[in-house]
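The values are calculated or read from the model by the stated rules, or taken from the named source; none is laboratory data. Quantities reported herein were computed from a predicted structural model and do not represent experimental measurements. No Cβ is skipped: glycine too gets one built from the backbone with ideal geometry, and neighbour counts run over all protein chains shown.
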Amino acid sequence: MYHNEPLTQQDVVKQLDEACALHQSGAYAEAEARYRRLLSHLPDCWQLLYNLGLLLHDCKRYDEATESYRRALRLGIEDGDLYFNLALTCKQRGHLDEAIIYYQKALDLQPEDSDYRYNLAGCYLADGRHDAAIAAYEAVLRFDPGHLPALNNLAYLNHITGKIERAIELYQLVLTLRPDSPSAEYMLAALSGERRITAPANYVRDMFDQYADHYESSLLSNLHYSVPNRLGALVTSVTSKEVFSGMLDLGCGTGLIGERFQDSVEQLHGIDLSRKMISLAASKNCYDALYVEEIEQFLRQCTERYDLIVAADVFPYVGQVDNILQGTRDIATDDALFFLTIEELTGSDRALHLGPSGRFAHADHFIRRCATDCGWTVLCAERIPLRKERDQWVAGIIYGLSTSPR
């Protein structure tokens, strides 16, 4: 059929069905061609512009998706799903203020829609507007009391903003709805002062998957995190080696450590439990290999050898550290260095303590003893402020360990 031939209603329905089927099957190029062919005949059909926007979003072509949705709006269309999906593309492009506006427009049309309100709350959370996020999540629960993701996020926000009684109440509600929730059970233990020696892997994975999108910006902008640069300076101070043959970045997260050290290593490998964190690290193009795996399991199976190992902000989510210290020693070269950070436990004779933050603090004497028992030599230990938490600095220590005796 030629483009200049008019389409009958039957033609339009048939071609649209074909385009939608191709789209749903993942044949994006063919589906896009069909949508655009239809639009050449029906340029003012907002549903076609909407479908094309959905496809472009699926292809991660967010700028083009945004323009397709906006073309539909310029036709005078008022539709909740159109505003909602435009908001999604704005958020993907990092335009949170615009996303919030479009979520609010969607809610003006459908005020009881939980998905619209939940995503609005997520924008507030990503933008660091905690009070607005709390209010939006509370509104989700008024319409849908069993909305588990909203309960989880609301518990977390009350927790980090110091509303502990409300956080406990919400974590208990989560456990009522999902008794096997490792995150809620673990956080209730942390808030009630229970003694634990490790954090569940599911809790760590879920937490970092959930906050991956805004984790780095929050860490750097709001929490004044400077560990990568401090680590870099400490490495330079203890060795004259300018280039390491192989580096392993344990708990690599979004790749901040990798960015700092990429010019000082021949091979850079990273490992993290969170697939979303690994995806962000991969986008920086500084790692030669990335692994989504639990650290202890990785170390047991690893056949590589590394002369530089880093574990920045890993031990606070580990608790008992012996297995990691032994596992890293087993894969270290004869001249290897291992740098790690802890949150320091003071004023106690205990080796480690699970705090209400859900993170572990460790005693200096405990880390030194475990490192020595596992065959490491402590070269240096520097006390530093790790990050801010509720306007207070979290005290920590960076250790430099070596496989060689002093």
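Would you confirm whether any residue within region 390-399 is in a strand (DSSP E or B), hydroxyl-bearing (Ser, Thr, Tyr) and either touching a residue at least 24 places away in the same chain (Cβ under 8 Å) or surrounded by fewer than 16 Cβ atoms within 10 Å (Cβ to Cβ) (or both)?
yes
Grab the helices (runs of 4 or more DSSP H) fully contained in region 1-81, keeping just those with 2 or more residues being over 27 Å from residue 94 (Cα atoms), hydrophobic (A, V, I, L, M, F, W, C) and assigned by TED's automatic domain parsing to the domain that holds residue 93.
9-25, 28-41
Hey, can you tell me all the residues within region 239-268 that are surrounded by fewer than 24 Cβ atoms within 10 Å (Cβ to Cβ), outside any loop (DSSP other than H, G, I, E, B), of a type outside the set (A, V, I, L, M, F, W, C) and in contact with a helix residue (DSSP H, G or I) (Cβ under 9 Å, 6 or more places away or on another chain)?
259, 260, 264 - these are the residues of region 239-268 that are surrounded by fewer than 24 Cβ atoms within 10 Å (Cβ to Cβ), outside any loop (DSSP other than H, G, I, E, B), of a type outside the set (A, V, I, L, M, F, W, C) and in contact with a helix residue (DSSP H, G or I) (Cβ under 9 Å, 6 or more places away or on another chain).
Would you confirm whether or not region 101-116 contains a residue that is touching a Cys at 6+ places or on another chain (Cβ under 7 Å) and within 28 Å of residue 60 (Cβ to Cβ)?
yes
Scan region 370-388 for residues that are among the acidic types (Asp, Glu) and either loosely packed, with under 13 Cβ neighbours inside 10 Å or touching a Lys or Arg at 6+ places or on another chain (Cβ under 6 Å) (or both) and jot them down.
373
In region 161-177, what residues are assigned to a helix (DSSP H, G or I) and either without any contact (Cβ under 8 Å) to a residue 24 or more places away in the chain or buried (at least 20 other Cβ atoms within 10 Å of the Cβ) (or both)?
Answer for region 161-177, where residues must be assigned to a helix (DSSP H, G or I) and either without any contact (Cβ under 8 Å) to a residue 24 or more places away in the chain or buried (at least 20 other Cβ atoms within 10 Å of the Cβ) (or both): 165, 166, 167, 169, 170, 171, 172, 173, 174, 175, 176.
Can residue 140 be described as part of a helix (DSSP H, G or I) and more than 23 Å from residue 358 (Cα to Cα)?
Judged against the criteria, residue 140 is a match.
Quick check on my filter: what residues within region 117-137 are assigned to a helix (DSSP H, G or I), within 20 Å of the chain's Cα centre (by Cα) and either closer than 22 Å to residue 62 by Cα or at pLDDT 95 or above (or both)?
The answer is 118, 119, 120, 121, 122, 123, 124, 125, 126, 133, 134, 137.
Per-residue answers, yes or no, for (1) of a type outside the set (A, V, I, L, M); (2) buried (at least 18 other Cβ atoms within 10 Å of the Cβ); (3) at pLDDT below 95:
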{"position": "37", "(1), (2), (3)": "yes, no, yes"}
{"position": "50", "(1), (2), (3)": "yes, yes, no"}
{"position": "65", "(1), (2), (3)": "no, yes, no"}
{"position": "70", "(1), (2), (3)": "yes, no, no"}
{"position": "77", "(1), (2), (3)": "no, no, yes"}
{"position": "82", "(1), (2), (3)": "no, yes, no"}
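Let me confirm something: among 202, 158, which residue is in a helix (DSSP H, G or I) and surrounded by fewer than 20 Cβ atoms within 10 Å (Cβ to Cβ)?
202
Which one of the conditions (1) among the aliphatic types (A, V, I, L, M); (2) surrounded by fewer than 19 Cβ atoms within 10 Å (Cβ to Cβ); (3) assigned to a helix (DSSP H, G or I) does residue 231 fail to meet, given that it meets all the rest?
(2)
Would you tally the residues in region 1-58 being more than 15 Å from residue 69 (Cα to Cα), hydrophobic (A, V, I, L, M, F, W, C) and touching a residue at least 12 places away in the same chain (Cβ under 8 Å)?
Result for region 1-58: 9.
Which ones in region 314-328 are buried (at least 21 other Cβ atoms within 10 Å of the Cβ), touching a strand residue (DSSP E or B) at 6+ places or on another chain (Cβ under 6 Å) and under 14 Å from residue 360 (Cα atoms)?
Once the filter is applied, which keeps residues that are buried (at least 21 other Cβ atoms within 10 Å of the Cβ), touching a strand residue (DSSP E or B) at 6+ places or on another chain (Cβ under 6 Å) and under 14 Å from residue 360 (Cα atoms), region 314-328 yields 314, 315, 316.
Within the set of pairs 6+ apart or on separate chains, which have a first residue in region 337-354 that is in the same structural domain as residue 320 (by TED's automatic domain parsing) and closer than 18 Å to residue 327 by Cα, a second that is among the acidic types (Asp, Glu) and modelled with pLDDT of 95 or more, and C-beta atoms under 9 Å apart?
337/307; 342/364
Would you check if residue 331 is farther than 22 Å from residue 160 by Cα, crowded, with 22+ Cβ neighbours inside 10 Å and either touching a strand residue (DSSP E or B) at 6+ places or on another chain (Cβ under 9 Å) or charged (D, E, K, R) (or both)?
Against the criterion (farther than 22 Å from residue 160 by Cα, crowded, with 22+ Cβ neighbours inside 10 Å and either touching a strand residue (DSSP E or B) at 6+ places or on another chain (Cβ under 9 Å) or charged (D, E, K, R) (or both)), residue 331 does not qualify.
Scanning for something crowded, with 23+ Cβ neighbours inside 10 Å and in contact with a Pro (Cβ under 9 Å, 6 or more places away or on another chain), does region 98-111 turn up at least one residue?
no
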